[in-house]
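Accompanying notes for the structure given below.
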Amino acid sequence: ERRRYWVERAPVRAAAASGPAAPAPAQEPAPAAAPDPGGRAELLAAYVSPRDPTERRIADLFGAVLGVPRVGAHDDFFELGGSSLLAVRLATRLRETFAVELSPHALLQAPTVAALAREIAPAAAAVPRHPLLVPLAEGGAGAPLFLVHPAGGHVFVLRDLAAELEGERPVWGLRARGLEEGEEPLASVEEMAALYLDALGQVRPQGPWLLGGSSMGGMVAFEMAQRLRAAGEEVALLALFDTYGPGQMPPPPSTVRPAGRDRLAAVQHACMEAMFAYRPLPYPGRLVHFRAAERRPGEPLRPEQPWIDLALEGAEVHVVSGNHLTMHQRPHVAVLARWLRSALGTA
């Protein structure tokens, strides 16, 4: 279980006394700050005490799930060390505590104690939308960008990228079905594409469409673009983020699906099966592929090549710093956002 610990910086002389002699520093270091009993040195927000019973209960749940002793009203769940798995755990605790239906993805839109309190407050007006649509960024005059989840099913990996585009255009994530109680995972890329296109219709009645996806999500976005083009719709952007193509897959997953109530494992298994079974057809359009510069053992050196061969109107390839995972995280995500912004143009 992930936990975060803060270690206060020791004075230079005290640190040197306990080890071998070291060369004298070139200049006198700045004096250490006074210790912070709450360990907030690495957080962006100053501590503000929870201001009402709802905020206090949410702050307590943050602390219990994350193992953090003191949580303020404006503390960000992810800055405190939160992950997608811990978000699922927190959402369960919130549902039990407040008797509300709350998705783990609500933390992407409301990651602080105060923001979650506003979401949970009985007076807050619920905005009806498709359950698989997750708002990642708001504002801006540009057309909305729709980004599909990787094989894990969540869209948490896209959070930093959406933040880079905040205020420029709305950014929506599409999570996998099966993450919530009572949902069954989808069995094929084609089923995912059909359902996700239904979800897009709640946001935008017609194109031009801006589609993208991380890893396996790029494959689903590719099938969505195929269907939109076949229906006579305009696809202004099809972006694949380090998406592997046919002939590049690692060994297929076991045919035995995970038993029990572990929904995350079941969704990932279903996504992997769907990815291996998908057979893409030539695409009558153009696409952009963002390849991670760092290739890990077992990864294809040129994941863009099969997609170049399938894109009948050509493909544009950009190399992004980081690896298959870290390209979506700071500082590398700034490079990805810059190239993506260029590909989006004035759409």
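The values are calculated or read from the model by the stated rules, or taken from the named source; none is laboratory data. This one's a predicted model, so the numbers in the text were calculated from it and none came from an experiment. Counting neighbours? That spans all protein chains shown, and the Cβs are built from the backbone with ideal geometry, glycine included. Just the protein is used for accessible areas: all its heavy atoms, side chains included, with ligands, DNA and RNA removed. Shrake-Rupley method; radii C 1.70, N 1.55, O 1.52, S 1.80 Å.
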Considering every residue within region 154-168, establish whether at least one is closer than 25 Å to residue 230 by Cα, out of contact with any Phe, Trp or Tyr (no Cβ under 7 Å at 6 or more places or on another chain) and surrounded by fewer than 18 Cβ atoms within 10 Å (Cβ to Cβ).
no
Somewhere in region 121-131, is a residue of a type outside the set (Ser, Thr, Tyr), in contact with a helix residue (DSSP H, G or I) (Cβ under 9 Å, 6 or more places away or on another chain) and surrounded by 18 or more Cβ atoms within 10 Å (Cβ to Cβ)?
no
Taking only region 136-150 into account, find how many residues are modelled with pLDDT of 95 or more and of a type in the set (A, V, I, L, M).
3
Test of understanding: among 110, 137, which residue is surrounded by 24 or more Cβ atoms within 10 Å (Cβ to Cβ) and either without any contact (Cβ under 8 Å) to a residue 40 or more places away in the chain or of a type in the set (S, T, N, Q) (or both)?
137
Which residues, counting only those in region 204-215, are of a type outside the set (Gly, Ala, Ser), open to solvent by 20 Å² or more (accessible area, probe 1.4 Å) and in contact with an Asp or Glu (Cβ under 7 Å, 6 or more places away or on another chain)?
206, 208
Counting only residues that are among the charged types (D, E, K, R) and within 20 Å of residue 249 (Cβ to Cβ), how many does region 289-347 have?
8
Out of curiosity, is residue 251 closer than 14 Å to residue 222 by Cβ and over 24 Å from the mean Cα position of the chain (by Cα)?
no
Has region 143-164 got at least one residue that is acidic (Asp, Glu) and free of Cβ contacts under 8 Å to residues at least 40 places away in the same chain?
no
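Let's see how each residue does on (1) modelled with pLDDT of 90 or more; (2) open to solvent by less than 10 Å² (accessible area, probe 1.4 Å):
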site: 53; (1), (2): no, no
site: 56; (1), (2): no, no
site: 62; (1), (2): yes, yes
site: 66; (1), (2): yes, yes
site: 70; (1), (2): no, no
site: 73; (1), (2): no, yes
site: 91; (1), (2): no, yes
site: 95; (1), (2): no, no
site: 98; (1), (2): no, no
So, in region 141-153, exactly how many residues are surrounded by 24 or more Cβ atoms within 10 Å (Cβ to Cβ) and farther than 23 Å from residue 272 by Cβ?
1
Residue within region 168-190 that is in a helix (DSSP H, G or I), on the phi < 0 side of the Ramachandran plot and not polar (S, T, N, Q) present
yes
Just name the residue that is surrounded by the fewest Cβ atoms within 10 Å (Cβ to Cβ) out of those in region 176-203 that are farther than 17 Å from residue 262 by Cα and either among the charged types (D, E, K, R) or touching a Gly at 6+ places or on another chain (Cβ under 8 Å) (or both).
198
